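> First, the structure itself, so that you have it in front of you.
The values are calculated or read from the model by the stated rules, or taken from the named source; none is laboratory data. All figures in this text were calculated on a predicted structure; none of them were measured in a lab. FYI the Cβ positions are ideal-geometry reconstructions off the backbone, even for glycines, and counts take in every protein chain you see.
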Amino acid sequence: MRSNQKPIAVSMGEPAGIGPDLALIAWANRKALGLPPFYIRGDEALLQGRAQRMGLNARLKMVAQDEATAVFPKALPIVQTGPALSDQPGVEAPETAASVVSAIEGCVEDIKSGVACALVTNPINKAALYRTGFAFPGHTEYLGALAKKHWPGEPAKPVMMIAGPELMVVPVTIHIPLRDVPIALTTDLIVETAEITANDLRTRFGYASPRLAICGLNPHAGENGSMGTEECDVIEPAIARLRALGINASGPHSADTLFHPPARQQYDCVLGMYHDQVLIPAKTIGFDDSVNVTLGLPFVRTSPDHGTAYDLAGSGTARVDSFAASLRMADVLANPDRF
């Protein structure tokens, strides 16, 4: 570990979920997991209580952000964010919502100020936040708003990617009802999403000429219009525009034949037309080691590819694989010249 290495900022996520568990377990196994320095924005009392509940021998220390790298080898650095919280695994408490949101924004502010190199977000309970007035469909959209607030002069169009060792996917439409997808799906949206994806694959992931496989919307990619016209009217024109821009895009592909091993050798990333079209195969193939990456932002953000898991919170049995992979990926994406 370099002495001048900037740490990764971690938001605690839903306090009643496994976010606190993951940070604590990961720090306790930091050497075996090969983790870069990180600190967590959250509540010291809750984290202390969660460690005790799990019987985890983890030393915690309140720090200022610029102290985290030096402290990390000996203690889990904590930046207190919000009031003290009681440790109640699996029990939603509306009064914690403000702390959840402020931890996310605090981490983004830390990156903007230069004390953190990247953000890893622990899972939130979106429904619980909605009940307290949270106005964004999810993390991805909220981070886009924060990017525009803190980097007003830079483009910020968040694009959600699920990246695993065997498969990377991007949904063109994300958190909307399935019935609204054909209306929301436009040629411009597909082109914009694919441009952002290709750019980040080049500049952050190191692909010289990324190969994008574009899904159709309908069964069998519409069967030449007999099962729907979106492929002919919307998706094919988008692919033609992308090729004219020099982007290696193919399709429209039928999603039901796109994810077996031989097919996965033919592309670097799949763009699906709606959330479940590509997230179901991504999570089936790499549930424990895939990472949620937000493309199109002026900062690096990754996240575990799973939810709050209330039933596991405080038990000490939550798997830390995806969280650890998120930290390692954030470190590489934020420091592409390190290796």
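> Could you list, in sequence order, all residues of region 1-48 that are of a type in the set (Ser, Thr, Tyr) and either more than 15 Å from VAL71 (Cβ to Cβ) or not assigned by TED's automatic domain parsing to the domain that holds ALA330 (or both)?
Scanning region 1-48 gives a single hit, SER11.
> Which numbered condition trips up SER250, out of (1) more than 15 Å from MET168 (Cα to Cα); (2) buried (at least 20 other Cβ atoms within 10 Å of the Cβ); (3) within 26 Å of the chain's Cα centre (by Cα)?
The number of the failed condition is (2).
> Still on this structure: In this structure, does LEU201 turn out to be in contact with a helix residue (DSSP H, G or I) (Cβ under 9 Å, 6 or more places away or on another chain) and either over 20 Å from LYS283 (Cα atoms) or in a helix (DSSP H, G or I) (or both)?
No: the conditions fail for LEU201.
> Kindly list, by first and then second residue, each pair from a residue in region 183-204 that is closer than 15 Å to CYS269 by Cβ to a residue that is at pLDDT 95 or above and of a type in the set (Asp, Glu), limited to pairs with Cβ atoms under 7 Å and residues at least 6 apart or on different chains.
Short answer, once both residue conditions are applied: LEU201/ASP268.
> With (1) aromatic (Phe, Trp, Tyr); (2) surrounded by fewer than 20 Cβ atoms within 10 Å (Cβ to Cβ); (3) outside any loop (DSSP other than H, G, I, E, B) as the list, and PHE323 as the residue in question, which single condition is left unmet?
(2)
> Something else: Just checking: which of the helices (runs of 4 or more DSSP H) contained wholly in region 57-138 hold 2 or more residues that are under 23 Å from the mean Cα position of the chain (by Cα) and of a type in the set (A, V, I, L, M, F, W, C)?
Passing ranges, in order: 97-113, 126-130.
> While we're looking at this one, here's another question. Where residues in region 174-198 are in a loop (DSSP other than H, G, I, E, B) and of a type in the set (A, V, I, L, M), which of them is nearest to ARG241 (Cα to Cα)?
LEU185
> Moving on. May I ask you to verify whether LEU297 is at negative phi and not in a helix (DSSP H, G or I)?
So LEU297 passes the test.
> On the basis of being over 27 Å from SER315 (Cα atoms) and surrounded by 19 or more Cβ atoms within 10 Å (Cβ to Cβ), does LEU85 make the cut?
When the stated conditions are applied, LEU85 does not pass them.
> Another question, if that's okay. Being under 30 Å from GLN65 (Cα atoms) and buried (at least 24 other Cβ atoms within 10 Å of the Cβ) narrows it down to one of ALA135, ALA128, ALA116, ALA145, so name that one.
ALA116
> How do the pairs read when you match residues in region 109-132 that are at pLDDT below 95 with residues anywhere that are charged (D, E, K, R) and in a helix (DSSP H, G or I), using Cβ under 9 Å and keeping only pairs 6 or more apart or on different chains?
THR132/GLU95
> Would it be correct to say that ALA64 is of a type in the set (A, V, I, L, M) and either out of contact with any Ser or Thr (no Cβ under 9 Å at 6 or more places or on another chain) or closer than 23 Å to ALA325 by Cα (or both)?
Criteria met by ALA64.
> A further question follows. Restricting attention to region 1-42, and to residues there that are of a type in the set (Lys, Arg) and in contact (Cβ under 8 Å) with a residue 24 or more places away in the chain, which single residue is farthest from SER102 (Cα to Cα)?
ARG30
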